[in-house]
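Beneath this line is the structure, given in structure tokens, with notes to follow.
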Amino acid sequence: MNTHGKSIKIFAGNSNVELAREITRYVGVPMGNSRVSKFSDGEISVDIYETVRGSDVFVVQSTSSPVNTNLMELLIMIDAFKRASAAQVTAVIPYYGYARQDRKVKARDPITAKLVADLITTAGADRVLTMDLHAAQIQGFFDIPVDNLFSMPLFVRYFADKGFVGDDTVVVSPDLGSVTRARNFAHKLNTPLAIIDKRRPRPNVAEVMNIIGDVKGKRAILIDDMIDTAGTIQQGARALVEMGGAKEVYACAAHAVLSGPAIERIVDSPIKELVVTNSIPLAPEKQVDKIRILSIAPLFAEAMERIYEGLPVSILFD
């Protein structure tokens with residue numbers, strides 16, 4: 001693919017090689033020839049085995065666990081491509097780690113999401129392509145263009161194909177922070193909306209929940225941007241069945257962080273199916289029957305082609 005004298009090149013760090021390969025198949029270019037390894041003292045070594053001079057380079061790397069290693073790989077790769085005279089370097093970060101530290105919650109807290117944005121910019125990235133940022137304002141932490149794609153159209157298509165539309169289904173926000181996302185999802189599926197309101201009566205006491213909206217006898221779909229330890233989604237699913245009388249509970253989230261007791265909690269919960277994307281690769285031991293993975297490769301491939309060709313990316317936000 002070479003429409004205007006320069007070429008598109010796609011390279012991958014070690015965090016999500018399979019997704020990068022899938023993207024290259026959609027774009028129709030070979031995977032860039034590079035190797036990211038470690039020196040014997042643990043420092044990261046990057047070798048690039050082909051010229052990138054004057055090319056549009058895309059580096060695919062989710063900053064998921066091990067987050068610090070993956071972040072350093074990304075920074076060092078960006079630096080290498082800039083120093084090798086790439087025309088433009090785009091950091092393709094399907095999952096942006098440290099995004100939850102986006103404001104000061106208590107005195108003397110760091111704002112790590114901003115620090116990471118500064119590091120990526122300083123390393124030499126010309127733009128960032130990501131998906132479902134934990135907080136939309138993180139786009140403003142960068143002084144370079146940031147395209148924040150959305151997984152929601154994938155989930156809408158998936159549940160619409162299963163016939164989960166109209167009044168028999170209800171879309172549920174697991175907390176007050178996710179209401180906007182859930183409302184948009186409900187609007188697209190033409191379903192009612194419900195909200196789980198959680199309260200802690202006193203510190204270290206289990207949360208008391210209220211369900212705002214009618215879920216009785218309905219299929220409920222919980223939607224969130226990420227599932228980490230799965231505590232919120234497990235409690236929410238239980239409340240929907242035990243307190244709200246929901247018929248079935250499904251869940252979907254863009255980023256399957258799934259750390260600590262997450263898999264155990266999902267297996268033990270009333271959730272029939274959890275639908276996630278491959279923004280973070282799932283280790284084989286985490287690929288349980290309840291989890292369904294949708295690929296974001298076509299979405300990212302189209303966005304990367306549009307960036308390369310100088311076309312608007314906003315069309316993909318619908």
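The values are calculated or read from the model by the stated rules, or taken from the named source; none is laboratory data. Nothing here was measured: the structure is a model prediction, and the numbers come from that model. Backbone-built Cβ (ideal geometry, glycine too); neighbour counts: all protein chains shown. Areas reflect the complete protein model, heavy atoms only, side chains present, ligands, DNA and RNA absent. Shrake-Rupley method; radii C 1.70, N 1.55, O 1.52, S 1.80 Å.
Would you please state which residues of segment 267-288 a label at LYS247 would reach in this model, taking the label point 7 Å out along Cα→Cβ and a backbone N cut-off of under 17 Å?
Hits in segment 267-288 for LYS247 at 17 Å: 271-273.
Please give the length that would be gained between ASN184 and ARG83 if that part of the chain were fully extended, namely 0.36 nm times their separation in residues minus their C-alpha to C-alpha distance (nm, one decimal). Could the numbers behind the result be given before it?
Values: separation 101, 0.36 × 101 = 36.36 nm, distance 4.28 nm.
Length difference between fully extended and current span is 32.1 nm.
Between ARG100 and LYS198, how high is the FRET efficiency from 1/(1 + (r/R0)^6) when r is the Cβ-Cβ distance and R₀ = 25 Å? Nearest 0.05.
On the way: r = 17 Å, r/R0 = 0.68.
In this case the efficiency is close to 0.90.
Over the Cα atoms of segment 157-204, each weighted equally, I'd like the Debye log10 I(q)/I(0) at q = 0.25 Å⁻¹, rounded to two decimals.
-0.86
Using only the alpha-carbon atoms, how far is helix 112-123 inclined from the longest principal axis of the chain? Give it as 0 to 90 degrees, nearest 10.
With both axes taken from Cα atoms, the answer is about 20 degrees.
What's the extension gain from ASP47 to ARG292 if we count 0.36 nm per residue and subtract their Cα-Cα distance? Provide the component values of the computation, followed by the final result.
Numbers: separation 245, 0.36 × 245 = 88.20 nm, distance 3.53 nm.
Stretched out fully, the ASP47 to ARG292 stretch lengthens by 84.7 nm.
Any chance you could give the angle, 0 to 90 degrees and rounded to 10, that helix 231-242 forms with the longest Cα principal axis of the chain?
30 degrees
List, in order, the whole-Hz ³J(HN,Hα) value for each residue of segment 177-183 obtained from phi through the Karplus relation with A = 6.51, B = -1.76, C = 1.60 and θ = phi - 60°; use x for Gly and Pro.
Listing the rounded values in order: x, 9, 4, 4, 4, 5, 4 Hz.
Connecting C-alpha atoms closer than 10 Å in a GNM of the chain, tell me which of HIS187, HIS134, HIS255 has the biggest fluctuation.
Per the Cα network of the chain with a 10 Å cutoff, HIS187 tops the list.
So which lysines can LYS216 reach, going by Cα to Cα under 29 Å and dropping same-chain residues fewer than 8 places off?
LYS162, LYS188, LYS198, LYS247, LYS272, LYS290
Taking amide hydrogens as modeled 1.01 Å from N in the peptide plane, which residues meet the under 5 Å criterion relative to LEU282, leaving out close sequence neighbours?
Answer set, sorted by chain and number: none.
Pop out the carbon and sulfur fraction of the accessible area of the chain as a percent, whole number, probe 1.4 Å.
Numbers: 7150 of 14570 Å².
Heavy-atom surface of the chain belonging to carbon and sulfur, 1.4 Å probe: 49 percent.
I need the trypsin sites (Lys or Arg not before Pro) found in segment 88-142, filtered to DSSP loop residues with at most 11 other beta carbons within 10 Å of theirs. Don't jump to the answer; show the numbers that get you there.
On the way: sites: ARG100, ARG103, LYS104, LYS106, ARG108, LYS114, ARG127; in loops: ARG100, ARG103, LYS104, LYS106, ARG108.
When the trypsin sites (Lys or Arg not before Pro) of segment 88-142 are filtered for loop state and at most 11 Cβ neighbours within 10 Å, ARG103, LYS104, LYS106, ARG108 remain.
Give me the 1.4 Å probe accessible area per residue for the chain, excluding ligands and nucleic acids, in Å².
46 Å²
Using only Cα positions of segment 204-280, each an equal point scatterer, no hydration layer, compute I(q)/I(0) via Debye at q = 0.13 Å⁻¹ and quote the log10 values to two decimals.
So the normalised log intensities work out to -0.37.
Scaled to the compact-protein estimate 2.2 N^0.38 Å, what is the alpha-carbon radius of gyration of segment 175-225, rounded to two decimal places?
Numbers: Rg = 12.5 Å, N = 51, 2.2 N^0.38 = 9.8 Å.
Its radius of gyration relative to the 2.2 N^0.38 Å reference: 1.28.
Could you work out the relative contact order of segment 116-189? I mean the mean sequence separation of Cα pairs under 8 Å and 6+ apart, divided by the number of residues, in percent. Mind showing how you got there, number by number?
Numbers: 54 pairs, mean separation 18.4, N = 74.
Taking the mean separation of contacting Cα pairs over the length of segment 116-189, I get 25 percent.
Which loop-located chymotrypsin sites (Phe, Trp or Tyr not before Pro) does segment 68-108 contain, where loop means any DSSP state but H, G, I, E or B and the Cβ has at most 16 other Cβ atoms within 10 Å? If you can, show how the numbers build up before the last one.
Values: sites: PHE81, TYR95, TYR96, TYR98; in loops: TYR95, TYR96, TYR98.
Passing both the DSSP loop test and the Cβ count: no residue.
Which angle between 0 and 90 degrees, to the nearest 10, do you get for helix 297-309 versus the longest principal axis of the chain when only C-alpha atoms count?
Around 40 degrees separate the two axes.
Considering only DSSP beta bridges with both partners in the chain, what is the antiparallel share in %, to the nearest 5? Mind dumping the intermediate values first?
Values: 10 of 53 bridges.
DSSP beta bridges in the chain are roughly 20 percent antiparallel.
Length gain on complete extension for the stretch LEU316 to ASP268, per 0.36 nm per residue less the alpha carbon to alpha carbon distance? Don't skip to the answer; put the middle values down first.
Values: separation 48, 0.36 × 48 = 17.28 nm, distance 3.61 nm.
So the extension gain works out to 13.7 nm.
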